[in-house]
1. Could you work out how much longer the chain between Lys39 and Tyr53 gets when fully extended? Use 0.36 nm per residue separation minus the Cα distance between them, nm to one decimal.
2. Please state, to two decimals, what the Cα-based radius of gyration of segment 1-76 comes to when divided by 2.2 N^0.38 Å (N = residues).
3. Provide the gained length on full extension for the span Asp112 to Lys223, in nm with one decimal, where the gain is 0.36 nm per separating residue minus the Cα-Cα distance.
4. Only sites in a loop by DSSP and with at most 16 other Cβ atoms within 10 Å count here; which chymotrypsin sites (Phe, Trp or Tyr not before Pro) in segment 212-264 make the cut?
5. Sticking with the crude label model, points 7 Å out along Cα→Cβ, report the distance from Ser149 to Tyr80 in nm, one decimal please.
6. If you rank Leu60, Leu254 by fewest surrounding Cβ atoms within 10 Å, what's the result?
7. May I ask you to derive the relative contact order of the chain, considering only C-alpha pairs under 8 Å and at least 6 residues apart, and to give it as an integer percent?
8. So for Lys41, Lys162, fewest C-beta neighbours within 10 Å to most, what's the order?
Amino acid sequence: MWLRVGCDLLFEIEVPTPFILMLRPRSGTEQWVARDEFKIKPSVPVVEFTDDYGNLCQRLTAQPGYFSINTTADVRTSQYVDTAFGAPFIDIQHLPQGLLNYLLPSRYCESDRFNDLAMEITMNQFPGYDQVAAIENWLRNNISYIPGSSDYPISAIEVNYKQSGVCRDLAHLGIALCRSLSIPARMVVGYLHNLQPMDMHAWFEAYVGGRWYTFDATQYGPKGGYVAIGYGHDAADVAVFNQFGPSVYPIRQLVSVELIEESI
């Protein structure tokens, strides 16, 4: 399926403010970017770089006054996410070296605190994909997904205590549970077709059977339409914008995802 995704941000800047943005999707095994546009107004110098996770980032300094960022991209992605029940757990000694850091606790995913709960959730499950699917199902049934209920990231421990959260929070807890079983897991931020209410979305991926698989406890069934723009250990690595200096929040933030014709 072809999707046209976009984000429109407007800020009111009081003093020169450095930004690091993460708003451009990149092509990969799960998606192909056929066209993308990145517009800022008023124009300022922008430096683009690739971070340690392979994400496309933009560095700039916004000047005082109104400052807008508008992005749009046409992306081919799958209509359904892949499932692989029975895909095996990969022993640590056989994992690619670049994935070992996704086994460790991180700022919002205290995986060293969840082994007992993870073992309870995945009891009698075949090690690997089936364990992660059980974690996803447990999150869906036990942690209430409440869009708009949190403006800032909270850790997996807090999510488990509250028993509710936004998409980012459910992903944090899922990641922590996976890592506690020595399954590499990472946060993904991007777009999702038909998300209600429409906004940026977060989910997690787990590495089993020799590849990454998508898991999203906020949705039902193997529906696709995901467009990733950022990967990382947790929300600290995948903010769509970071600003440095006085706190600046968007006075307008519009996200759009629409289905477009196959022959663009």
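Nothing in this text is a laboratory measurement; each read-out follows from the coordinates by a stated rule. Predicted model, so just to flag it, every value in this text is computed and none were measured. For neighbour counting, all protein chains shown are included, and Cβ atoms are generated from backbone atoms with ideal geometry for every residue, glycine included.
1. Numbers: separation 14, 0.36 × 14 = 5.04 nm, distance 2.38 nm.
Net length gain for the segment: 2.7 nm.
2. Rounded to two decimals, the normalised Rg is 1.19.
3. Values: separation 111, 0.36 × 111 = 39.96 nm, distance 3.13 nm.
Gain on extension, Asp112 to Lys223, equals 36.8 nm.
4. Values: sites: Trp212, Tyr213, Phe215, Tyr220, Tyr226, Tyr231, Phe241, Phe244; in loops: Tyr220, Phe244.
Within segment 212-264, the qualifying chymotrypsin sites (Phe, Trp or Tyr not before Pro) (loop, at most 16 other Cβ atoms within 10 Å) are Tyr220, Phe244.
5. For Ser149 paired with Tyr80, the spin-label model returns 3.1 nm.
6. Values: Leu60 19, Leu254 13.
Lowest count first: Leu254, Leu60.
7. Numbers: 598 pairs, mean separation 75.8, N = 264.
Dividing the mean separation by the residue count of the chain yields 29 percent.
8. Lys41, Lys162
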